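The values are calculated or read from the model by the stated rules, or taken from the named source; none is laboratory data. Quick caveat: nothing in here was measured; it's all calculated off a predicted structure. Every residue, glycine among them, receives a Cβ derived from its backbone with ideal geometry; neighbour counts consider all protein chains shown.
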Amino acid sequence: MATSPSLTIDTEALGLDSGAHLLIKRALRELPPGGVLAVASRTPEFAVHLQGWCRAQGHALVFHNGRAHITPGGAQAGRWRHAERAGEADASHAEAVAAHAKPSWGLAARGATVEAGGPDFHFALDSKRAIWADDIGHLYAQALAQQWNPDEAIDWSVAFDLPEDVEDAVVQVMTYLIENENAALLVPARFLGQVHPHFREVTQLLAIQIADEARHVEVFTRRALLKRGRMGVSTVGGLASLKTLFDEHEFAVASFLLSVLGEGTFVSLLRFLQEHAPDPLTRQIAKLTARDEARHVAFGMAHLEYQLAHDADLRGRLAIAVESRHDALAQTSGLNEEVFDALVLLAAGGWSPQEIAAGFDKVQVLKQDMASGREIRMNRLGFAHGDAKRLAALHTRNFM
């Protein structure tokens, strides 16, 4: 004799192949602990279909007096017997971030109950220690809020005419910025697909950073070609410097070289252009892109501060990376001479010997500010003062 049902439903002419299982599942959720659900149906294949469905769900099933009596199998029964939650097992909330993401969690949402037996997804960056940053949710929200549309944020219709040589200088600087921003786009793109989606804030932030760089390439290109039909020049030394970023396979080290050192230096350069650009359009572009780059530096710093707190050997690897990169580039020319000369001319504002001398001095001050900024950021990361100063001076002469 079946146990007296706690609840009875009638699916009428609705079969399990047409959605009756939704009514049954809803009723099962309403059962008290230890309860039994009685189900009536007028569909001819109902009993056969229900047997298969209950077996898959882990529910016990008996038929009595023309009705099906279902006893829920519980959360650990049937197909979900070996399921696990994609997150910390003892967490107090569904979205707690695990220290290590399992391959079996795959692409499941953080906190989801993942059925056993699915395919493993192997991500190289699957540990929190390797990629996380404190307050990363705030960093992502800030990045999202500060997105801008080049067609709306920049007044491309502003009228200006520059002397030919000054326009050439702007074009050369834009050409240089483009190749460096291509590197700043592609380096995080290489790592994005290696991050386990359990750490979704990191993937979201990297995706926005990539979008930022794509936008920068667009606006630098539009400014370069605004008055000209050609770009400036790209040198072997500059490309060799950027290639060393691609050759770095550790996420933390690449973030250090690109964001903390390179993009941090570029913030100084863009602010220099904002101050000394000869036209309002270039000043607008420099202001907006500098704001984005400052955010990239903030994430790089936050990530490295987090990882350094969990990896005592990382600081040594960062120092070795700077030294190795310096040695690899020792025989290159460093900063494109045309770029250096263009910066001097833009800062000079004229061709008199006195103006050129002043422009040259301003570029030297810029380089000192860049080195000082790198040193300050390395101090924040726990480098001793002497080591920070030495390593800051070893950073590539190509700025990025």
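Total residues in the range 290-311 satisfying the condition of being among the aliphatic types (A, V, I, L, M) and either without any contact (Cβ under 8 Å) to a residue 40 or more places away in the chain or farther than 19 Å from residue 381 by Cα (or both): the figure is 3.
Does residue 140 satisfy the condition of being within 30 Å of residue 235 (Cβ to Cβ), aromatic (Phe, Trp, Tyr) and either in contact with a strand residue (DSSP E or B) (Cβ under 6 Å, 6 or more places away or on another chain) or not in a loop (DSSP other than H, G, I, E, B) (or both)?
No; evaluated as a whole, the condition is false for this residue.
One residue alone among 347, 328 is surrounded by 15 or more Cβ atoms within 10 Å (Cβ to Cβ) and under 18 Å from residue 371 (Cβ atoms), and that residue is 347.
Return a yes/no flag: does the range 42-50 have any residue that is touching a residue at least 40 places away in the same chain (Cβ under 8 Å) and either within 47 Å of the chain's Cα centre (by Cα) or in the same structural domain as residue 115 (by TED's automatic domain parsing) (or both). No - not one qualifying residue is present in the range 42-50. Within the range 269-289, residues that are closer than 17 Å to residue 340 by Cα and in the same structural domain as residue 166 (by TED's automatic domain parsing) sit with their Cβ atoms under 9 Å from residues that are acidic (Asp, Glu) and surrounded by 17 or more Cβ atoms within 10 Å (Cβ to Cβ), at 6+ positions apart or across chains, in these pairs: 270/293; 278/167.
For the range 164-209, the set of residues classified as assigned to a helix (DSSP H, G or I) and in contact with a strand residue (DSSP E or B) (Cβ under 6 Å, 6 or more places away or on another chain) consists of 202, 203, listed by residue number. Of all positions in the range 318-330, at least one carries a residue that is out of contact with any helix residue (DSSP H, G or I) (no Cβ under 8 Å at 6 or more places or on another chain), small (Gly, Ala, Ser) and modelled with pLDDT of 95 or more.
I'd like the full set of residues that are surrounded by 14 or more Cβ atoms within 10 Å (Cβ to Cβ) and either touching a residue at least 40 places away in the same chain (Cβ under 8 Å) or under 14 Å from the mean Cα position of the chain (by Cα) (or both), limited to the range 125-140. Listed by number, the residues that qualify are 125, 126, 128, 129, 130, 131, 132, 133, 136, 139, 140. Looking for whichever is among the small types (Gly, Ala, Ser) and either exposed (fewer than 13 other Cβ atoms within 10 Å of the Cβ) or over 15 Å from residue 203 (Cα atoms) (or both) here; the options are 118, 106. Which one fits? Matching residue, one of 118, 106: 118.
From the list 218, 201, the one residue that fits, being of a type outside the set (Val, Ile, Thr) and either modelled with pLDDT under 95 or in contact with a Pro (Cβ under 8 Å, 6 or more places away or on another chain) (or both), is 218. Any chance the range 282-296 includes a residue that's within 20 Å of residue 174 (Cα to Cα), polar (S, T, N, Q), in contact with an Asp or Glu (Cβ under 9 Å, 6 or more places away or on another chain) and crowded, with 21+ Cβ neighbours inside 10 Å? Checked against the condition, which is being within 20 Å of residue 174 (Cα to Cα), polar (S, T, N, Q), in contact with an Asp or Glu (Cβ under 9 Å, 6 or more places away or on another chain) and crowded, with 21+ Cβ neighbours inside 10 Å, the range 282-296 yields at least one hit.
Any residue at all in the range 370-381 that's modelled with pLDDT of 95 or more, surrounded by 18 or more Cβ atoms within 10 Å (Cβ to Cβ) and among the β-branched types (Val, Ile, Thr)? Looking for residues that are modelled with pLDDT of 95 or more, surrounded by 18 or more Cβ atoms within 10 Å (Cβ to Cβ) and among the β-branched types (Val, Ile, Thr), one finds none in the range 370-381, hence no.
Can you spot a residue in the range 309-322 that is exposed (fewer than 15 other Cβ atoms within 10 Å of the Cβ), among the basic types (Lys, Arg) and assigned to a helix (DSSP H, G or I)? Yes, because at least one residue in the range 309-322 is exposed (fewer than 15 other Cβ atoms within 10 Å of the Cβ), among the basic types (Lys, Arg) and assigned to a helix (DSSP H, G or I).
Could you say which residue among 201, 181 is in contact with a helix residue (DSSP H, G or I) (Cβ under 7 Å, 6 or more places away or on another chain), charged (D, E, K, R), surrounded by 22 or more Cβ atoms within 10 Å (Cβ to Cβ) and within 28 Å of residue 321 (Cα to Cα)? None of the other options fit; the residue is 181.
Modelled with pLDDT of 95 or more and buried (at least 16 other Cβ atoms within 10 Å of the Cβ): does that describe residue 188? Considered against the rule, which asks whether it is modelled with pLDDT of 95 or more and buried (at least 16 other Cβ atoms within 10 Å of the Cβ), residue 188 comes out as yes.
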